[in-house]
Amino acid sequence: MITGKFAITTHILTLLAKFPDEYMASDYIAGSLNIHPVLVRKEIANLKKHHLVESKEGKNGGTKLIKPAAMISMEAIFNMTFEKMSFGFSKNDPNPECPVGKQINNNLTALYDDINIAIVNKLKSISLEEFSEQF
């Protein structure tokens, strides 16, 4: 389910891509996102785990990209956020005696799987660098 994590992670990485030689403070990043710095630090920890950023502490500390933005696909960002597109299902259990009701959730699942494949294929073709050039 889409939770916004992809948007937050993309925002962070886009900021870092715009200033590749600078260590950017989590407070600054949080200000751009208009969220609490703790949430930024949580996402930065995930980015470190995926070997995309490094951080240093202190007065001139912060976070910066360690992998070129041109080498980071939007698909990789999407995958590291563990999100996938789903429009959900009805809150009620469909009637198993109905020809539509007994198959609707299976068919919706197949549709959502196809949508996710299309999303991933589109994201594969866009690098973080290409995305960040819009700003």
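The values are calculated or read from the model by the stated rules, or taken from the named source; none is laboratory data. The structure presented is a predicted model; accordingly, all values stated were derived computationally and were not measured. Cβ coordinates were reconstructed from backbone atoms using ideal geometry, including for glycine residues, and neighbour counts include every protein chain displayed.
Name the residue, out of K56, K48, K102, that is surrounded by fewer than 16 Cβ atoms within 10 Å (Cβ to Cβ), farther than 26 Å from I126 by Cβ and either touching a Ser or Thr at 6+ places or on another chain (Cβ under 8 Å) or in contact (Cβ under 8 Å) with a residue 12 or more places away in the chain (or both).
K56
Given the condition over 17 Å from M24 (Cβ atoms), part of a loop (DSSP other than H, G, I, E, B) and basic (K, R), answer yes or no: does some residue in the range 98-108 qualify?
Yes: the range 98-108 contains one or more residues that are over 17 Å from M24 (Cβ atoms), part of a loop (DSSP other than H, G, I, E, B) and basic (K, R).
Closer than 17 Å to L128 by Cα and in contact with a Pro (Cβ under 8 Å, 6 or more places away or on another chain) - does that describe any residue in the range 34-45?
no
If I filter the range 73-84 for residues that are over 19 Å from G4 (Cα atoms) and of a type in the set (F, W, Y), do I get at least one hit?
Taking every residue of the range 73-84 in turn, none turns out to be over 19 Å from G4 (Cα atoms) and of a type in the set (F, W, Y).
Across the range 111-129, which residue is surrounded by the fewest Cβ atoms within 10 Å (Cβ to Cβ) among those that are of a type in the set (D, E, K, R) and over 16 Å from the mean Cα position of the chain (by Cα)?
Per the criteria, the residue is D114.
Looking only at helices (runs of 4 or more DSSP H) that lie completely in the range 1-69, which have at least 3 residues being basic (K, R) and within 15 Å of M80 (Cβ to Cβ)?
By residue number, 37-49.
Under 8 Å between Cβ atoms, which residue pairs at least 6 apart in sequence (or on different chains) link something in the range 73-99 that is surrounded by fewer than 15 Cβ atoms within 10 Å (Cβ to Cβ) and β-branched (V, I, T) with a partner that is modelled with pLDDT under 85 and part of a loop (DSSP other than H, G, I, E, B)?
Taking only residues 6 or more apart or on different chains, not a single pair turns up.
Please state which of the following conditions L108 fails to meet, knowing it meets all the rest: (1) of a type outside the set (D, E); (2) more than 21 Å from the chain's Cα centre (by Cα); (3) surrounded by fewer than 15 Cβ atoms within 10 Å (Cβ to Cβ).
L108 satisfies all of (1) of a type outside the set (D, E); (2) more than 21 Å from the chain's Cα centre (by Cα); (3) surrounded by fewer than 15 Cβ atoms within 10 Å (Cβ to Cβ) except (3).
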